[in-house]
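Trainee: Dumping the structure here so I can ask a few things about it.
The values are calculated or read from the model by the stated rules, or taken from the named source; none is laboratory data. As the structure is a computational prediction, the values presented were derived from the model and not from experiment. For neighbour counting, all protein chains shown are included, and Cβ atoms are generated from backbone atoms with ideal geometry for every residue, glycine included. Remember, those area values only see protein heavy atoms, side chains included, never the ligands or the DNA or RNA. Shrake-Rupley method; radii C 1.70, N 1.55, O 1.52, S 1.80 Å.
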Amino acid sequence: MATNNAQEAASQAQAAAEVARQAAEAAQQYADQAAAFAAASIHAATGAAIDPFVFRLSIFVLAVFVGYYVVWQVTPALHTPLMSVTNAISSVIVVGALLAVSVELTRNDSGPLWARLLGFFALILASVNIFGGFLVTQRMLAMYKKK
């Protein structure tokens, strides 16, 4: 008797699982159709194109907000590792700025003056960021030393 009830329960569970799988497939199909309709509507509403500048600007603005909230939610114990990561990122920026300032272009000219000035400005800002990061890291590590 007990084995019959267990077998019936197992077969009912399998039948329920099959119904749930079919429902999930139907829901996925409806979601795919809705997404395709939304994409087609947006494509038609924007005249079949979004300006690349607006697209990149919106990504930049979203990255600024996400970065702000991520940095300000970091606990104080993690500020020193976070500072070392930003120093590493700034060192990559320094390499790029040095390339912008000093590397000649393929036509063997020195490149436009505005590009070299922007590279020099980026070099100064990244250097200040790196040295400031080292100073902040040194102060934070000094807080943990026993007196």
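Trainee: Quick check on region 128-141: of everything there that is free of Cβ contacts under 8 Å to residues at least 24 places away in the same chain and farther than 15 Å from Leu78 by Cα, which residue is surrounded by the most Cβ atoms within 10 Å (Cβ to Cβ)?
Mentor: Looking only at region 128-141, we keep the residues that are free of Cβ contacts under 8 Å to residues at least 24 places away in the same chain, and these are 128, 131-132, 135, 138-139.
Remaining after also requiring farther than 15 Å from Leu78 by Cα: 128, 131-132, 135.
On the way: Val128: 11, Phe131: 12, Gly132: 14, Leu135: 11.
Restricting to residues being free of Cβ contacts under 8 Å to residues at least 24 places away in the same chain and farther than 15 Å from Leu78 by Cα, the top hit is Gly132.
Trainee: Now for a different question. State which residue pairs qualify: first residue within 27 Å of Leu118 (Cβ to Cβ) and inside region 75-98, second residue open to solvent by 70 Å² or more (accessible area, probe 1.4 Å) and at pLDDT 70 or above in any location, beta carbons under 6 Å apart, and separation of 6 or more residues or different chains.
Mentor: Ser90/Asn129
Trainee: Of these, Thr106, Thr80, which one is at pLDDT below 80, out of contact with any strand residue (DSSP E or B) (no Cβ under 9 Å at 6 or more places or on another chain) and open to solvent by 100 Å² or more (accessible area, probe 1.4 Å)?
Mentor: Only one candidate passes the filter, namely Thr106.
Trainee: Moving to a separate point now. In region 64-77, how many are at pLDDT below 75 and either within 17 Å of the chain's Cα centre (by Cα) or in a helix (DSSP H, G or I) (or both)?
Mentor: 4
Residue by residue, here is whether (1) part of a helix (DSSP H, G or I); (2) open to solvent by 90 Å² or more (accessible area, probe 1.4 Å); (3) at positive phi; (4) at pLDDT 75 or above holds:
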{"site": "Glu8", "(1), (2), (3), (4)": "yes, yes, no, yes"}
{"site": "Val19", "(1), (2), (3), (4)": "yes, yes, no, yes"}
{"site": "Ala24", "(1), (2), (3), (4)": "yes, no, no, yes"}
{"site": "Gln28", "(1), (2), (3), (4)": "yes, yes, no, yes"}
{"site": "His43", "(1), (2), (3), (4)": "yes, yes, no, no"}
{"site": "Gly47", "(1), (2), (3), (4)": "no, no, yes, no"}
{"site": "Phe53", "(1), (2), (3), (4)": "yes, yes, no, yes"}
{"site": "Leu57", "(1), (2), (3), (4)": "yes, no, no, yes"}
{"site": "Leu62", "(1), (2), (3), (4)": "yes, yes, no, yes"}
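Trainee: Somewhere in region 116-124, is a residue touching a Leu at 6+ places or on another chain (Cβ under 9 Å) and either part of a helix (DSSP H, G or I) or modelled with pLDDT of 85 or more (or both)? Explain how you work it out, then say what you get.
Mentor: At the first step, the residues of region 116-124 found to be touching a Leu at 6+ places or on another chain (Cβ under 9 Å) are 119, 123.
Then keep just the ones that are either part of a helix (DSSP H, G or I) or modelled with pLDDT of 85 or more (or both); that gives 119, 123.
Yes, region 116-124 contains at least one residue that is touching a Leu at 6+ places or on another chain (Cβ under 9 Å) and either part of a helix (DSSP H, G or I) or modelled with pLDDT of 85 or more (or both).
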